[in-house]
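Contents: one structure, followed by commentary.
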Amino acid sequence: MGNTSSVREGGEEGQGGSSHCQRGSEDLMGQSPPQSPRGAAQSPLLFAPQVPMTPLQRHEEMHSPSDSCTPNSPMYEDALDVQGIPTMITWGHGGREVFVEGSWDNWMTKKPLERSGKDFTVMMVLPSGFYQYRFIVDGERRYAPDLPWMNDDMGNIHNILDLQDFVPEDLGGVAGFEMPQSPESSYSNSPLSSEDYRKEPPLLPPQLHVTVLNAPAAMDCPSSLTRPPHVVLNHLYIQKGKSSQPVVALGKTHRFLSKHVTVILYKSIAR
């Protein structure tokens with residue numbers, strides 16, 4: 001019986017203690033504005049200490065899994081296959097609404113350009129190749145005269161893009177294709193005999209006759225030259241002319257990454 005009364009009294013005291021805490025919290029809530037859950041978590045009167053946990057995301061921040069983003073979906077595989085060269089196309093000749101269309105998709109779609117100051121620009125990722133394109137400014141088809149352009153078979157003027165992939169030079173991979181060096185015993189300082197002078201010089205390969213210096217300039221775009229074949233690179237060409245001319249032209253074509261540079265030197269032959 002004594003144990004029962006003591007437990008009952010303890011229970012009443014516990015209930016009284018809990019009601020005291022509730023009244024204290026109600027008094028505090030009446031005197032001050034409601035506290036945030038974060039501040040309430042730090043108060044020992046309302047909540048017991050808890051283990052720190054990562055806060056839950058809001059409803060707008062939660063992203064439900066979509067079948068289009070799974071690794072096995074066709075969209076995911078197509079995104080992995082997208083490879084190309086980032087290309088910025090710019091129109092700087094005024095207008096309110098500018099679009100661009102080109103041969104990269106057989107002139108099927110028109111892409112809008114975004115205004116950036118006085119210019120209109122669009123970023124496109126295109127595969128390597130040669131493309132023609134034109135602008136549509138306020139419903140009128142136009143071309144940019146300050147960019148490379150050409151005439152097509154119908155006489156229309158289109159801007160052109162010549163995109164080439166950048167292939168880094170792998171010297172280690174090229175070394176495996178190099179011919180082994182000749183042994184030193186194969187070289188000598190013996191003077192040439194008369195038989196050596198009777199031999200005809202080796203014939204010039206016919207590919208070396210095709211040089212950009214002899215190619216006529218294009219009528220539609222005289223400032224650009226055709227791409228030279230790789231066999232004429234790093235060969236020195238000299239102008240073939242009359243012996244009485246005071247100046248002779250020397251030309252050489254180099255390739256730097258995907259660009260070709262032709263240097264012409266005019267040298268005086270007057271003594």
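The values are calculated or read from the model by the stated rules, or taken from the named source; none is laboratory data. Remember, it's a predicted structure, so these values are computed and weren't measured experimentally. Neighbour counts are summed over all protein chains in view; Cβ atoms, including those assigned to glycine, are modelled from backbone coordinates with ideal geometry.
Quick notes
- Lys267 vs. criteria within 30 Å of Asp162 (Cα to Cα) and modelled with pLDDT of 85 or more: no
- Here Ser128 meets the list (1) modelled with pLDDT under 90; (2) over 26 Å from Ser258 (Cβ atoms); (3) polar (S, T, N, Q) almost entirely, failing just condition (2).
- Of the residues making up the range 94-108, those that are assigned to a loop (DSSP other than H, G, I, E, B) and either more than 13 Å from Arg134 (Cβ to Cβ) or modelled with pLDDT under 90 (or both) are Gly94, Gly95, Arg96, Glu97, Asn106, Met108.
- Residue within the range 212-233 that is in a strand (DSSP E or B), surrounded by 10 or more Cβ atoms within 10 Å (Cβ to Cβ) and modelled with pLDDT of 85 or more present: no
- For the range 122-137, a residue qualifies if it is closer than 11 Å to Thr90 by Cβ and either among the charged types (D, E, K, R) or surrounded by fewer than 13 Cβ atoms within 10 Å (Cβ to Cβ) (or both), and exactly one does: Met123.
- Selection count where residues are crowded, with 17+ Cβ neighbours inside 10 Å and of a type in the set (A, V, I, L, M), scope the range 85-121: 4
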